[in-house]
Structure formats: structure tokens, C-alpha cells
Amino acid sequence: MRILTLIASTFRELLTKATIYVLAGISTLILLGVLAGFSSSSGTEGTTILLFGNPIGPAIPAEAVAEFVNQMVAGFAKGMFAGVVLFGIFATAGIIPDVLEKGTVDLYLSKPLGRWELLLGKYLGGVCVVFVNILYFLGGMAIIFGIRLGTWDLQFFLSSLMLTFVFACLYSVVGFLGVVFRNAAIPIIGAFLYLLIVGPVLHQREMGLFLISENVVYRGVVDGCYYLLPQLSGMMDGVASLILRQEIDWKPYAQSLLSSGLFLGGGVFILSKRDF
Amino acid sequence: MHAIQSDSLSKVYRTGISKQHITALDGFSLEVNKGEVFGLLGPNGAGKTTFIKILLSLTRPTSGRASILGKELPDNKVKERIGYLPENHRYPGYLTGVQVLSLFGRLSGVENATLQKRIPSLMALVGITEWRAMKVKKYSKGMMQRLGLAQALINDPEVVFLDEPTDGVDPVGRKEIRGILLDLKNQGKTIFLNSHLLSEVELISDRVAILDRGKLLKVGTVEELTTTGSQYQIGIASSLPEDLKTEAAARSMHLTPGAEFITATIENVTALNSLIDLLRKHRVEITSVVKVKSSLEDSFINLIKREVAS
């Protein structure tokens, strides 16, 4: 009950942030572009996909249209994730440090509310807002492709959930940094550093970091960092695999779930030991 | 059962790289009875807010124990029965006054149906009904303070902690808030007050404690704290005859004559009656007899000065 109240209030708080509207606006523009750009014409030889009235290839059978749509949605999903990270992290990074500020945290913690509930409520509120944005974009994309190309696919809902999970894993690190440093700047810097440098470098460690040294301890530390942090690249590959009907490697999800649990648990632990 | 009880409560903060120790509370023991208005006074940094924060489990004590309404702390459940108005509180600016009360009411565990009735009445009580739909970021300091008071009362608490409740409120508003607090007292609620405005504490508190550098200096009723030993002011309608002064001095009665009164320092009530008899014997007309009191502020300052000197 109290967690739901916190989630709802965080949701409301985030709806006042301009960055969320920028993300929704960009999503809307892309959706309108897809709506205006894509259409199809059916003939005896199959379906021809048109982009602004011009055929983008020869006529193809219905199954191939579905495959084309899946490829498109997978590409948009990856692009969407970049947008979610950029705007979503900017919008949500401040909500945990904000609630821990003097004068605010006193109000919340003077209520019969556990510190873990406060952190989890704020965290889930941030994740919910991002989920709505992802659902709006991928759902809109699925509906538009359904209307324009006649291919209906409910996979978008599952891929929205998976994409939200990827964000939730990254956001657990942001939330942890927010608890530790009690400001929004360091979590934002940390998230982008991880996303653009640390994550890819660790993901490709065999072709990079492992070449520096063959020392077992060194490689063990690198491996430890890789498995300790959420594996965004691996999970993003999984989202694309889902949309493209390919086999999904669930290992990165399981490891990321564990690592997110550790970050959130660490955040709760630090919060529970802190004097306000 | 006391409303609030602390037993040898200590809090030591460790700050900076050198982990320098700062003692905020030092073996602080206090008992606050149910249904009383209790004022905690002390200079800045005395440990007043730390004490409240320990009671609300915002801060953990280094040692000692505390309880509220008989429940040993920390206890989250007991928070359903207490209200708190922090100093320098910050409400989410994007919410209206009604939404703030609704949010904190729900977090306090109050049912929605109850909130529907309670929010308008609380807003009326603190005098912010006409701003109910305004975003709180547009509220003035005084309006925020009134909203804060309503928030502290949203769960109909048995114990209310108020940290500087009239901070930023104009004199009329302060009087209104005092009235609300006295009403709450009449309803049997316990009010624990932290305030720098000693005159205000004096007006509404049943008992007062003075805290300095984490230590309890004195606790008692306002009467006890403001009574200055055995001094009486006796109103007189005529001047004192010289032989009366001599006789009084012989009886160890120290008299300080004024234009319309004398201030007498005497040992006890018996001596006071002897003095009155002496005045009457010399046909001095008495218009009043008043026990001399200092203001709470004077008592507070004297006590702190003595503590610093020692």
C-alpha cells in the first residue's frame, strides 16, 4: 500500500520533468514519421513495401513482410533504448537523491515507512515512467506497422518489458550511486561512463583488457567486474533476438538480475545505516 | 506509561576525515507525560533536534534507550500514532496543498475515506483553505508552516513533535497556532515543542527542559523555572519609615525600596507574613504582594551562562 503510494507520487513527480516530455515528443515524431512513411500495396506477386510512396524493393510474401517489420522494430528498439538512457536517466537520476535531502527525508521517514520501502518505491516509480514511455513507443510502432503493412504482432509488449528490465538494471546502479553520493550528477556521469566505456570494454574484455596481461588475478578482477555489473549489451542482444524470433541467451538477464539485486540491496544497507 | 521516555541517551557524531567526535547528546534522560505540552529549549547545537530525530528513528543513538507511548524504539508501527513537523521542511513543489496532505496521510496509513473528510477540516483549522489547490512551490514561508502543521496532524496523532512550528509565521498566525496547540492539548494529545521563541514556549508549555551541549540542565514547570528564589514585590501606598527599615534589617529582611513598591528578599512564607505584620504595625498601606518571577528567557540565559562559567 505505502509502496504503491510512493510509486504513484514518483510517477507524478516525473511527469513534471521536461526530459520525459522530450522523450515522449521524440517518440511521437518517430511514430508519425513511420505512420506517414510506410505503406504497402498487395498484388498477385506478394506485398510491396513503400516508403513515402516509393517501393523499397520487389514484392515479397506475407512472411517476409513480418520479418521485415521485426527487423525494423528491433532496430527501433535499440534506438529507443539509447533515447531512454539519455532522457530517462537524466529525468530519474535525481529522484532518489532528492528524497534524501534534509527537510524531505525527515518527512518521509517520520511516517511508518521502512527505509527499504522508500528506496524501492522511488526506484520502481522511475522504472514505471520509463516503461510507459517504452510501451508507448514500441506499442505505437506495432500498431502503425499493423495498420500500414497488415502485420500484427503482440511481441512488442514482451520486448517492452525486456527493454524496461534492461533500464531497471542500469537504474539500480544509478539508484545505488544516488544513495551513496546524494546528488544527481555523479549517478548520471556513472551511468554514461558505464554505458559508453566500462560496459562495452568489459563486454569485449577478451579482445581488449585480457590482452594487457595474462595474470590470473588481473583477469579474475576483470571478470568479477563484468559479472558484478549489469550486462546491458548482452541483454540488448536478447531484446533483438526476441523481436527477430531468435533464441535468447538468458544468462545476461539472470546475472544482471543478481547484480541489480546487489546494488539495490547495497543501497538499502547504506540507507539503513545512515543518520539524517 | 509516559508518552516519551529516554534513558541515558547519547549520540556522538563522527565528522570529517579525522573522524572528529562531536557529542550531540550526553546521557540524556527525560520523561514526558501523556497529554502535556512539553518544551525543549537550548541554544543552537544543544542537541534538541538530534533528540527528536532519535525518537523518530531518523538518527540512531550511540547508546541509551528511548520509547514512545511505551514502545521501545526503533518501532515503525508506533509512527502511525505520532506526527512530526520538521524544521526547514521541504514538500514536493509540484503538489498542491491537498495533494501533500493526501500523500503524507496515505504514507501514515490513513484510509482514503478518512482523508477525504480530514483534509478539508485540517486546512480550515490551519487557515489555508483558500490555497488548497495552489502548488506548494508558490506558498509563502508562513503558509508552508501552516501546511506543515496540518501534515503533522493528518493521522490524528497521540504525540506531536513540532520543531520551530511558528518559524516564519506572522504574529497573528503565531497566536492562531498557539490556539491550535492548546486545543490539541485539551483533546489529550501530547505536544513536544522545540522552539527558539522562549516567550511562546512559556505561554503554552506545561513543563520545560533546558538542554545545553547535549546535557539536561534543568526540567520543571514554567513556574518552577521562572520563580527566582524567595523575592517578593510588595506594593505600598506610602513611603517607608526609617525605623521600619532598621527593624527589618535587624530581622534579616533585605528590603529594596522603590517609588510604589519594595522588593523583599526573605527566607520563607513565615518571614513574608512577619514582614507584612511589620509594615502594618508601621501603618504602611499594602496594595499588592507578588512573588517575583523572571521571564523564561531570563532564566534560560542565566542557566546557560552559569553552565558556561562552570
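On the basis of being over 21 Å from B:LYS48 (Cα atoms), outside the structural domain of B:LEU197 (by TED's automatic domain parsing), loosely packed, with under 11 Cβ neighbours inside 10 Å and among the aliphatic types (A, V, I, L, M), does B:ALA309 make the cut? For B:ALA309, the condition - over 21 Å from B:LYS48 (Cα atoms), outside the structural domain of B:LEU197 (by TED's automatic domain parsing), loosely packed, with under 11 Cβ neighbours inside 10 Å and among the aliphatic types (A, V, I, L, M) - is met. The residue of region B:79-92 that is farthest from the other protein chains (Cβ to nearest Cβ), among those that are touching a Phe, Trp or Tyr at 6+ places or on another chain (Cβ under 9 Å) and within 20 Å of B:TRP131 (Cβ to Cβ), is B:LEU85. Taken together, the residues in region B:79-113 that are at positive phi and in a strand (DSSP E or B) amount to 0.
Among the residues of region A:163-184, the ones that are over 23 Å from A:TYR253 (Cβ atoms) and either polar (S, T, N, Q) or assigned to a loop (DSSP other than H, G, I, E, B) (or both) come to 3 in all. Here A:SER9 meets the list (1) more than 14 Å from chain B (Cβ to nearest Cβ); (2) touching a residue at least 12 places away in the same chain (Cβ under 8 Å); (3) of a type in the set (Gly, Ala, Ser) almost entirely, failing just condition (1).
Among the residues that make up region A:43-57, is at least one of them surrounded by fewer than 13 Cβ atoms within 10 Å (Cβ to Cβ) and in a helix (DSSP H, G or I)? Looking for residues that are surrounded by fewer than 13 Cβ atoms within 10 Å (Cβ to Cβ) and in a helix (DSSP H, G or I), one finds none in region A:43-57, hence no. Any residue in region B:207-234 that's closer than 26 Å to B:ASN273 by Cβ: show its pairings with residues that are at pLDDT 90 or above and in a loop (DSSP other than H, G, I, E, B) at Cβ separation under 7 Å, as long as the two are six or more apart or on different chains. Filtered contacts from region B:207-234: B:THR221/B:ASP206.
Of the set (1) in contact with a Lys or Arg (Cβ under 7 Å, 6 or more places away or on another chain); (2) in contact (Cβ under 8 Å) with a residue 60 or more places away in the chain, all apply to A:THR104 but (2). Considering only residues that are assigned to a helix (DSSP H, G or I) and more than 11 Å from every other protein chain (Cβ to nearest Cβ), look in region A:89-101 and name the one that is farthest from the chain's Cα centre (by Cα). Among residues in region A:89-101 that are assigned to a helix (DSSP H, G or I) and more than 11 Å from every other protein chain (Cβ to nearest Cβ), the one farthest from the chain's Cα centre (by Cα) is A:PRO97. Filtering region B:38-78 to residues that are within 12 Å of chain A (Cβ to nearest Cβ), over 30 Å from B:LEU303 (Cα atoms) and part of a strand (DSSP E or B) leaves only B:LYS71.
Of everything in region B:61-78, what is in contact (Cβ under 8 Å) with a residue 40 or more places away in the chain and open to solvent by 20 Å² or more (accessible area, probe 1.4 Å)? Give them in sequence order. Hits for region B:61-78 are B:PRO61, B:THR62, B:SER63, B:GLY64, B:ARG65, B:GLY70.
Residues that are touching a Pro at 6+ places or on another chain (Cβ under 7 Å) and among the acidic types (Asp, Glu) within region A:1-59 comprise just one, A:GLU13. Scanning region B:139-151 for residues that are open to solvent by 30 Å² or more (accessible area, probe 1.4 Å) and either in contact with a strand residue (DSSP E or B) (Cβ under 9 Å, 6 or more places away or on another chain) or more than 14 Å from chain A (Cβ to nearest Cβ) (or both) yields a total of 2.
Looking only at residues in region B:1-52 that are of a type in the set (Lys, Arg) and either buried (at least 23 other Cβ atoms within 10 Å of the Cβ) or over 28 Å from B:GLN187 (Cβ atoms) (or both), the one that is modelled with the lowest pLDDT is B:LYS19. All conditions but one from (1) open to solvent by 40 Å² or more (accessible area, probe 1.4 Å); (2) closer than 30 Å to B:ASN155 by Cβ; (3) more than 14 Å from chain B (Cβ to nearest Cβ) apply to A:MET72; the one that does not is (2). Figure legend. Inter-residue proximity from region A:252-268: first residues in contact (Cβ under 8 Å) with a residue 12 or more places away in the chain, second residues open to solvent by 40 Å² or more (accessible area, probe 1.4 Å), beta-carbon distance below 6 Å, spacing 6+ or different chains. Indicated pairs: A:GLN255/A:TYR227; A:SER259/A:LEU228; A:PHE263/A:PHE176; A:GLY266/A:PHE176; A:GLY267/A:PHE176; A:VAL268/A:TRP116. Against the list (1) free of Cβ contacts under 8 Å to residues at least 40 places away in the same chain; (2) part of a helix (DSSP H, G or I); (3) out of contact with any Pro (no Cβ under 8 Å at 6 or more places or on another chain), the condition B:ALA133 fails is (2).
For (1) open to solvent by 60 Å² or more (accessible area, probe 1.4 Å); (2) farther than 30 Å from B:GLN5 by Cα, each residue gets a yes or a no:
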site: B:SER230; (1), (2): no, yes
site: B:ARG251; (1), (2): yes, yes
site: B:ALA259; (1), (2): yes, yes
site: B:LEU278; (1), (2): no, yes
site: B:ASP298; (1), (2): yes, no
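Look through region B:79-112, keep the residues that are more than 16 Å from A:GLY114 (Cα to Cα) and within 22 Å of the chain's Cα centre (by Cα), and return whichever of them is most open to solvent (accessible area, probe 1.4 Å). Looking at residues that are more than 16 Å from A:GLY114 (Cα to Cα) and within 22 Å of the chain's Cα centre (by Cα), I get B:ASN88.
Listed here are the residues, each with its yes/no results for (1) within 14 Å of chain B (Cβ to nearest Cβ); (2) under 13 Å from the mean Cα position of the chain (by Cα); (3) assigned to a helix (DSSP H, G or I).
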| site | (1), (2), (3) |
| --- | --- |
| A:MET80 | no, yes, yes |
| A:PHE87 | no, yes, yes |
| A:GLY103 | yes, no, no |
| A:LEU113 | yes, no, no |
| A:GLU117 | yes, no, yes |
| A:LYS122 | yes, no, yes |
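Taking the conditions (1) within 14 Å of chain B (Cβ to nearest Cβ); (2) touching a strand residue (DSSP E or B) at 6+ places or on another chain (Cβ under 6 Å) in turn, A:LEU149 satisfies each one other than (1).
The residues in region A:109-150 that are open to solvent by 10 Å² or more (accessible area, probe 1.4 Å), among the charged types (D, E, K, R) and more than 28 Å from A:ALA77 (Cβ to Cβ) can be counted, and the count is 2. Confirm whether B:LYS135 is over 22 Å from B:GLY179 (Cα atoms), within 14 Å of another protein chain (Cβ to nearest Cβ) and open to solvent by 40 Å² or more (accessible area, probe 1.4 Å). Taking the combined requirement at face value, the residue satisfies it. The single condition from (1) β-branched (Val, Ile, Thr); (2) at pLDDT 85 or above; (3) under 30 Å from A:ASN183 (Cα atoms) that A:THR48 fails is (3). Listed by position, the strands (runs of 3 or more DSSP E) contained in region B:174-222 that have at least 2 residues being touching a strand residue (DSSP E or B) at 6+ places or on another chain (Cβ under 8 Å) and polar (S, T, N, Q) are B:190-194. When residues in region A:245-276 are screened for being assigned to a loop (DSSP other than H, G, I, E, B) and surrounded by 15 or more Cβ atoms within 10 Å (Cβ to Cβ), 3 of them pass.
The values are calculated or read from the model by the stated rules, or taken from the named source; none is laboratory data. As the structure is a prediction and not an experimental result, all values here were calculated from the model. When we count neighbours, we look across all protein chains shown, and the Cβ atoms used for this are built from the backbone with ideal geometry, even at glycine. For the accessible areas, the whole protein counts, side chains as well, though only heavy atoms, and no ligand, DNA or RNA atoms are used. Shrake-Rupley method; radii C 1.70, N 1.55, O 1.52, S 1.80 Å.
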